[in-house]
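Working notes, beginning with the structure itself.
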Amino acid sequence: MGQQVHGSRSEETLAVLDDVAHALSNIVDIYAPESETAFKALSALQLLGGQFERGAMVFRTKDGTELTRLTVQRGDMKLAISVLKAAKARFRRGP
């Protein structure tokens, strides 16, 4: 976003975080809990029909199911950051 968030949860901040999660999901797997101890990657079909909400704290599937406790693998996150930097990706909402 080009600025420190300082814990702010404005609508703009939440929307940008949703956009970032969407971009990440195009590069690396995003995981949701399958059980108390196991996680499963969101499928391409889920990603196609669903959306990230509330600052990417929730993924809502096409049928309305809310998936929480989303995560990515640390190594994947490093890869995604490199790809987004190389692509000069910018995330901004508003004027």
Using only alpha carbon pairs under 8 Å that are at least six residues apart, calculate the relative contact order of the stretch 11-86 and give it in whole percent. 32
What's the exposure ranking of Leu14, Leu48, going from fewest to most Cβ atoms within 10 Å? Leu48, Leu14
Theoretical ellipticity at 222 nm over the chain - DSSP helices of four or more residues, -39500 (n - 2.57) apiece, nearest 500: -11000 deg cm²/dmol
Taking the mean number of other Cβ atoms within 10 Å as a proxy for protection, how do you rank 52-58, 30-36 from highest to lowest? 52-58, 30-36
Mind checking the dipole of the chain: about its Cα centre, +1 per Lys or Arg Cβ, -1 per Asp or Glu Cβ, Debye to the nearest 20? 420
Consider the candidate values (i) 17.1, 54; (ii) 18.2, 70; (iii) 13.6, 43; state which one is Rg and Dmax of the Cα atoms in Å computed from the structure displayed. (iii)
Select from Ala38, Ala23, Ala15 the residue whose mean-square fluctuation is largest in a Gaussian network model of the chain (Cα-Cα springs shorter than 10 Å). Ala38
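The numbers here are math on the coordinates, done by the rules we state, and not lab data. What you see is a predicted model; the values in this text were computed from it and never measured. Note that each Cβ is placed from the backbone with ideal geometry, even for glycine, and that neighbours are counted across all protein chains shown.
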